[in-house]
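The values are calculated or read from the model by the stated rules, or taken from the named source; none is laboratory data. Remember, predicted model here, so these are calculated numbers, not experimental data. Counting neighbours? That spans all protein chains shown, and the Cβs are built from the backbone with ideal geometry, glycine included.
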Amino acid sequence: MAILSILEFPDPRLRTKARPVAVFDAALKKLAADMFETMYAAPGVGLAATQVDVHQQVLVADMSEERDQPLVLVNARILERSGEQVYQEGCLSFPGIFADVTRALRVRIAAQDVEGHAFEREFEGPLAVCVQHEMDHLAGKVFVDHLSPLKRSLLLKRLEKRRKQSA
Ligand code: NI
């Protein structure tokens, strides 16, 4: 396995729309394994392939305390969404910044695993937030796109400041 480098906003490659995965081969399994290693090392709770500059519809997540519930979704699509929740989100492509985002409370997802087996699953609460956040990445969207222009510009100024301090 390998730790992959994570694109940081405003890298324009984060705006790329991922293609559906058509071939479920060893390279796909390696990509998922590398994404898990990268996410756990960061540390983060979710990672989309877009963030490691691979533009295929693959996302990984693990929101468990023990970091022992890895979830990988290939070609995920939302079948149904319901309810609403506000959750404070962060993103490995925006180190050190956090913002409240409103999203669906529950989502029903159709996806495939790394072997290509199709399944459906419902997610609720924080894990539903995570799945929606990572699916946004695969569509070329980032979490600050959900904020008001004012809130977004404040956060992006903070991000820039942090970047200058760490440079
Ligand atoms: Ni993110």
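See the values below:
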| item | result |
| --- | --- |
| Contacts under 8 angstrom Cβ, first residue in the range 20-47 being over 12 Å from D62 (Cβ atoms), partner assigned to a helix (DSSP H, G or I) and away from the ligand (no atom under 16 Å from the Cβ), 6 or more apart | V21/L28 |
| Count of the range 16-38 residues which are within 13 Å of the ligand (Cβ to nearest atom) and within 15 Å of L138 (Cβ to Cβ) | 1 |
| Selection count, the range 121-167, where residues are part of a loop (DSSP other than H, G, I, E, B) and either surrounded by 13 or more Cβ atoms within 10 Å (Cβ to Cβ) or touching a His at 6+ places or on another chain (Cβ under 7 Å) (or both) | 6 |
| Filter result for R106 (at pLDDT 95 or above, farther than 22 Å from R19 by Cα and charged (D, E, K, R)) | yes |
| Residues being out of contact with any Phe, Trp or Tyr (no Cβ under 6 Å at 6 or more places or on another chain) and touching a residue at least 24 places away in the same chain (Cβ under 8 Å) - total across the range 82-112 | 17 |
| Which listed residue is of a type in the set (G, A, S) and either under 23 Å from R152 (Cα atoms) or away from the ligand (no atom under 16 Å from the Cβ) (or both), from A76, A49, A41, A99 | A99 |
| Tally, over the range 86-95, of residues that are farther than 18 Å from K151 by Cβ and more than 16 Å from the ligand (Cβ to nearest atom) | 0 |
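Residue-wise test of (1) outside any loop (DSSP other than H, G, I, E, B); (2) under 15 Å from E134 (Cβ atoms).
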residue: A33; (1), (2): yes, no
residue: G44; (1), (2): no, yes
residue: V72; (1), (2): yes, yes
residue: R77; (1), (2): yes, yes
residue: C91; (1), (2): no, yes
residue: V101; (1), (2): yes, yes
residue: A111; (1), (2): yes, yes
residue: G116; (1), (2): no, no
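Yes/no per residue for (1) of a type outside the set (A, V, I, L, M); (2) away from the ligand (no atom under 13 Å from the Cβ); (3) more than 17 Å from L47 (Cβ to Cβ); (4) at pLDDT 95 or above:
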residue: L71; (1), (2), (3), (4): no, yes, no, yes
residue: R81; (1), (2), (3), (4): yes, yes, yes, yes
residue: V114; (1), (2), (3), (4): no, yes, no, yes
residue: H137; (1), (2), (3), (4): yes, no, no, yes
